[in-house]
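Here's the structure, in structure tokens; my notes come after.
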Amino acid sequence: MSAITPEMVREHGLSADEYARALAILGREPNLTELGIFSAMWSEHCSYKSSKRWLRTLPTEAPWVICGPGENAGVVDIGEGLACIFKMESHNHPSFIEPYQGAATGVGGILRDVFTMGARPVASLNALRFGAPAHPKTRHLVAGVVAGIGGYGNCVGVPTLGGECTFHAAYDGNILVNAMTVGVADAARIFYSAAAGVGLSVVYVGSKTGRDGIHGATMASAEFASDSEAKRPTVQVGDPFTEKLLLEACLELMATDAIVAIQDMGAAGLTCSTFEMASKGGVGIELDLDRVPMREDGMSAYELMLSESQERMLMVLRPGGEAEARRVFEKWELDFAVIGRTTDTGRLVLRQNGTPIAELPVDPLAEAAPEYDRPWIPAPGVAVIPPAAVPAPDDPLQALERLLGCPDLASKRWIWEQYDQTVMADTVQGPGGDAAVVRVHGTAKALAITSDCTPRYCAADAREGARQAVAEAWRNLTAVGAKPLAITDNLNLGNPERPEIMGQLVGCVEGIRDACLALDFPVVSGNVSLYNETDGAAIPPTPTIGAVGLIEDATGACTLAFKAAGEAVVLIGTTAGHLGASLYLREIASAEDGAPPPVDLAAEKRNGDFVRAEIAAGRISACHDVSDGGLLVALAEMALAGDIGAEIAVPEDAPPAHAWLFGEDQGRYLASTADAETVLEGARAARVPAMVIGLTGGGRLTVGGRHAISIAHLRAAHEDWMPRYMSAP
Amino acid sequence: MRAAVIVFPGSNCDRDIQVALRRAAGAPPVMVWHKETSLPAVDLIVLPGGFSYGDYLRCGAMAAHSPVVAEVAARARKGVPVLGICNGFQVLTETGLLPGVLMRNAQLRFVCRTQHLSVETTQSLFTGLYRPGEVIAMPIAHMDGSYFADDDTLRSLRDEDRIAFRYCDARGEGGADANPNGSRDRIAGILNGRRNVLGLMPHPERHADALLGGVDGAALFEGLVRALAA
């Protein structure tokens, strides 16, 4: 083996200090394979070395939490002996370099995280952030990412139920692809990654190992320069058919008692999965690399340990479990190989051609990874813009039409229709509502699932924006009638070595913590994606929140569609007319400025608890959270979904009319009801602000008797943008 | 009604059809792994949707050579009803049990939506509970659903009343918007000459439960149960 030079250390993304630490751990110079392992294990992607000390401050517990962060995914109790297992994870860097495969393997990875723990995946969501529509790369990235997500999820047969898709020039050089999967498992049969026990077989199953994705984790832990295309070979290639077989084979074997521990081979492949299992189980592992199923001959130990070939799992089996496991994997025509055994040495030993070629202590690498308290500075405050300082439109309904057709609010039907939304025959509500609703198979219950973040708020104020993201997720679950259970957080930021970016990370974590504590909404899993910057320009802090709630009776789930004419439209929550950082300000007044709307978490909780109870009581026929674009956009979305219009009046004592109509004050809902009197009375008793603002009916939206626009006209504006954009020559 | 559902590697609607059949028939179907070379005595054989063998070669092409499919074909030729949904329809055309072929969607993208269909014939075991010309809705979800056959084949399908379902709009009419994938003659489902084999791209099993947004698919299974009990 050649001696390790400073260049080699640098190319492996290790700092001089980190290399010195590696030397101290080994007591000698590493060989190339060992250097590669250090590099992968200590990459930001695998070690969370910049974020760990902050992530530890998040609330992770509640009586219904079975397993919080630290495993492949988070687990919550949903009753009847069942558990819901979910996580969101980013695949940003690979999706920018190779959008189809980057997004596809992102979906594959998050599906495996969920079924590794014993759950059958039941739904996926995706939060997508693209650059400006006019940027020359954007359309190609949208087409590739959407096709990749669909191509993978559709084949595996897990419904993809929407999520988010927004556009902003700040993502021109770094798009975000955050994929979330939710699964359901028997609460008594959840599988973890700790390889407890000595002398047990370490088994490799799934696809063969090839030379793809080598150093993907290291790539995802560095910024882009303009030569990012040259990194295409570090992107993995997905095989959803093999994933489907692996899913079925794993679930079949999990029904037996053969498995002690199981871990998917994701980032840093065999390296990370081996260390994870050994470290958590307090054991050592010896691997015979000659037994690893290989796609091509002559792969080096370095390549085998760092390949990120997809659709692979590592398992530790009980004594005697091998025959059963082999039978199952052979039935599904997947590779099955005993590649090693657990030991009591606390060391990872790799052999090839009969000779030891690497030997590393497990705990120091996995547990004593570098952890940084990076310097950070809080973001400078942004001034609040008073409503009167924002110009009013000539006609509010023309402004509405423009908003409904702007890229962020325009219908994303073009995207959803490429996703199988109805496979598994449990989809109660697909994309387009506040939250997706999926029946828990074989029960009367349903899970509500949402993904939320408003990057323009976070760009103005990371902490307030993160509070808002959690609050909006909680509100979206509430709006379909669900009891919010827990979240998964996917923090996307720039280079943490810059104090202002680190300040954003701290702000995001503090905001999430605040909101989770106030709303009793713990974090059970998460992911951090750093270095989302190109040539020194970072993305806005984007803390995407994936959230899950429970509906005891799926038939009682509420939708946003108006159901009947002549019902009262009730506005719940306080409207101050906050236009700072709003969509109206950006799209109509052409300014991106001002502090985001503040979130009053106590009011959020009161208002939401009230709405949920009214839905459960059957008094609310349609419900929608008021978010992007404000009240008038929310009203229009309810009208479009139900194909029923409405007439509303701006109250006398309201803020300026355009601020009342388009302000993005938080903690608000619109609801329709046939029994406004009882709803208002209940609201008074619960100290929840509520008022009737109008009536449903007709084929138009009318505001203040003066302005009107037909639903058909609004629909055309809403549906037109995306297909036209994607098919333009 | 005793039914068998064939499970290929990559089938992903096998559980959905299992649930729909159990609901309609009161008894669960037998799930048959593709490697079997024999089938139990059954009244109905279903080839479910999914991506058999990943659809990597050509949709349904590999599955058509599965060990069990030879037996399915033999039963079909003896008159046992066979239903192929989505990927199952593709397998049926690949085996030659149904004419024509399902090509890539005209827009070259996967399409999933609730699609209106017109019932073109009620003269079959599968469609007897519908009204002639009835406009129904069912989910579609496919990448390769564009039905193609030559003019002679299309003529005989029409002349022999073998077109079971056509894509249409909410009023039952044709037009460019009514055809989600570019199928010739807006064909969504066809019967074989003996009328015991139906292949269709839409998913009746996904609209057999009011909670999921519709029950128009349930009539197909209930119709089969009645017809096969008679």
Counted residues, the range B:178-212 - those being surrounded by fewer than 21 Cβ atoms within 10 Å (Cβ to Cβ), closer than 21 Å to B:Met143 by Cβ and among the aliphatic types (A, V, I, L, M): 1
Criterion: more than 14 Å from chain B (Cβ to nearest Cβ) and open to solvent by 10 Å² or more (accessible area, probe 1.4 Å) - qualifying residue of A:Ala518, A:Ala479: A:Ala518
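If a residue must be outside any loop (DSSP other than H, G, I, E, B) and either within 12 Å of the chain's Cα centre (by Cα) or crowded, with 20+ Cβ neighbours inside 10 Å (or both), how many such residues does the range B:77-90 contain? Don't jump to the end; show me each part of the working.
Looking only at the range B:77-90, we keep the residues that are outside any loop (DSSP other than H, G, I, E, B), and these are B:77-78, B:82-85, B:87-90.
Next, only the ones that are either within 12 Å of the chain's Cα centre (by Cα) or crowded, with 20+ Cβ neighbours inside 10 Å (or both) stay: B:82-85, B:87-90.
Qualifying residue count, the range B:77-90: 8.
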Residue pairs meeting the criteria (Cβ under 8 Å; at least 6 apart or on separate chains; first assigned to a strand (DSSP E or B), in the range A:658-676; second basic (Lys, Arg)): A:Tyr669/A:Arg475; A:Ser672/A:Lys563; A:Thr673/A:Arg619
Some residue of the range A:399-408 being in contact with a Pro (Cβ under 7 Å, 6 or more places away or on another chain) and either away from every other protein chain (no Cβ under 12 Å) or not hydrophobic (A, V, I, L, M, F, W, C) (or both): yes
Conditions (1) open to solvent by 60 Å² or more (accessible area, probe 1.4 Å); (2) under 34 Å from the mean Cα position of the chain (by Cα); (3) among the hydrophobic types (A, V, I, L, M, F, W, C): number failed by A:Val423: (1)
Count of the range A:217-259 residues which are out of contact with any Gly (no Cβ under 6 Å at 6 or more places or on another chain) and either open to solvent by 40 Å² or more (accessible area, probe 1.4 Å) or at pLDDT 75 or above (or both): 25
Of all residues making up the range B:48-57, the number that are touching a helix residue (DSSP H, G or I) at 6+ places or on another chain (Cβ under 8 Å) and open to solvent by 60 Å² or more (accessible area, probe 1.4 Å): 1
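Could you pull out the residue among A:Arg189, A:Arg129 that is modelled with pLDDT of 95 or more, of a type in the set (D, E, K, R) and open to solvent by less than 10 Å² (accessible area, probe 1.4 Å)? First the steps, then the outcome.
Numbers: A:Arg189 fails: open to solvent by less than 10 Å² (accessible area, probe 1.4 Å).
The match here is A:Arg129.
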Scan of the range A:144-173 for residues that are more than 30 Å from A:Phe241 (Cα to Cα), in a helix (DSSP H, G or I) and either open to solvent by 10 Å² or more (accessible area, probe 1.4 Å) or within 12 Å of chain B (Cβ to nearest Cβ) (or both), ordered by number: A:Ala169, A:Ala170
Members of the range A:332-349 that are within 14 Å of chain B (Cβ to nearest Cβ) and buried (at least 16 other Cβ atoms within 10 Å of the Cβ): A:Trp332, A:Leu334
Close pairs (6 angstrom Cβ cut-off, 6 or more residues apart or separate chains): farther than 16 Å from B:Gly49 by Cα and more than 7 Å from every other protein chain (Cβ to nearest Cβ) in the range A:419-430, open to solvent by 20 Å² or more (accessible area, probe 1.4 Å) and hydrophobic (A, V, I, L, M, F, W, C) anywhere: none
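Which ranges mark the strands (runs of 3 or more DSSP E) fully within the range B:91-180 that have 2 or more residues being small (Gly, Ala, Ser) and within 14 Å of chain A (Cβ to nearest Cβ)?
Here the list reads B:135-142.
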Residue in the range A:160-173 that is modelled with pLDDT under 95 and either under 14 Å from the mean Cα position of the chain (by Cα) or closer than 28 Å to A:Val440 by Cβ (or both) present: yes
Residues of the range B:9-47 satisfying the condition of being touching a helix residue (DSSP H, G or I) at 6+ places or on another chain (Cβ under 9 Å), in a loop (DSSP other than H, G, I, E, B) and more than 10 Å from chain A (Cβ to nearest Cβ): B:Gly26, B:Ala27, B:Pro28, B:Pro29, B:His34, B:Glu36, B:Thr37, B:Ser38, B:Leu39, B:Val42, B:Asp43
Selection from the range B:189-229 of residues that are closer than 22 Å to B:Arg2 by Cβ and part of a loop (DSSP other than H, G, I, E, B): B:Asn192, B:Arg194, B:Arg195, B:Asn196, B:Ala208, B:Gly217
Some residue of the range A:482-504 being modelled with pLDDT of 95 or more, within 12 Å of chain B (Cβ to nearest Cβ), assigned to a strand (DSSP E or B) and in contact with a Lys or Arg (Cβ under 8 Å, 6 or more places away or on another chain): no
Every residue from the range A:444-463 that is within 12 Å of chain B (Cβ to nearest Cβ), not in a strand (DSSP E or B) and not basic (Lys, Arg): A:Ala444
Options A:Gly102, A:Gly70: the member that is open to solvent by 40 Å² or more (accessible area, probe 1.4 Å), within 25 Å of A:Leu125 (Cα to Cα) and under 20 Å from the mean Cα position of the chain (by Cα): A:Gly70
Failed item, numbered, when B:Asp185 is tested on (1) within 14 Å of chain A (Cβ to nearest Cβ); (2) on the phi > 0 side of the Ramachandran plot: (1)
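Checking the condition more than 14 Å from every other protein chain (Cβ to nearest Cβ) and open to solvent by less than 10 Å² (accessible area, probe 1.4 Å), which residue from A:Leu601, A:Leu583, A:Leu550, A:Leu560 passes?
Values: A:Leu601 fails: open to solvent by less than 10 Å² (accessible area, probe 1.4 Å); A:Leu550 fails: open to solvent by less than 10 Å² (accessible area, probe 1.4 Å); A:Leu560 fails: open to solvent by less than 10 Å² (accessible area, probe 1.4 Å).
Criteria check complete, one pass: A:Leu583.
Could you look through the range A:498-515, keep only residues that are open to solvent by less than 20 Å² (accessible area, probe 1.4 Å) and not β-branched (Val, Ile, Thr), and pick out the one that is nearest to the chain's Cα centre (by Cα)?
A:Cys508
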Checking B:Gly60 against (1) open to solvent by 40 Å² or more (accessible area, probe 1.4 Å); (2) more than 10 Å from chain A (Cβ to nearest Cβ); (3) modelled with pLDDT under 95, the condition it does not meet: (1)
Residue satisfying condition, being at pLDDT below 95, surrounded by fewer than 22 Cβ atoms within 10 Å (Cβ to Cβ) and aliphatic (A, V, I, L, M), within set A:Ala649, A:Ala654: A:Ala654
Residue check, A:Ser50 closer than 30 Å to A:Ile487 by Cα and open to solvent by less than 50 Å² (accessible area, probe 1.4 Å): yes
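Mind telling me which of the residues A:Leu550, A:Leu585 ends up being under 14 Å from A:Ala460 (Cα atoms) and not in a loop (DSSP other than H, G, I, E, B)?
A:Leu585
Conditions (1) at pLDDT 90 or above; (2) under 29 Å from the mean Cα position of the chain (by Cα); (3) within 30 Å of A:Met117 (Cβ to Cβ), marked per residue:
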{"position": "A:Arg295", "(1), (2), (3)": "yes, no, yes"}
{"position": "A:Met305", "(1), (2), (3)": "yes, yes, yes"}
{"position": "A:Arg312", "(1), (2), (3)": "yes, yes, yes"}
{"position": "A:Ala325", "(1), (2), (3)": "yes, no, yes"}
{"position": "A:Pro356", "(1), (2), (3)": "yes, no, no"}
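The values are calculated or read from the model by the stated rules, or taken from the named source; none is laboratory data. Note that the structure is predicted; figures quoted are calculated from it, not measured. Note that we place each Cβ from the backbone using ideal geometry, even for glycine, and neighbour counts take in every protein chain shown. Keep in mind that these areas ignore ligands, DNA and RNA; they rest on the heavy atoms of the full protein, side chains included. Shrake-Rupley method; radii C 1.70, N 1.55, O 1.52, S 1.80 Å.
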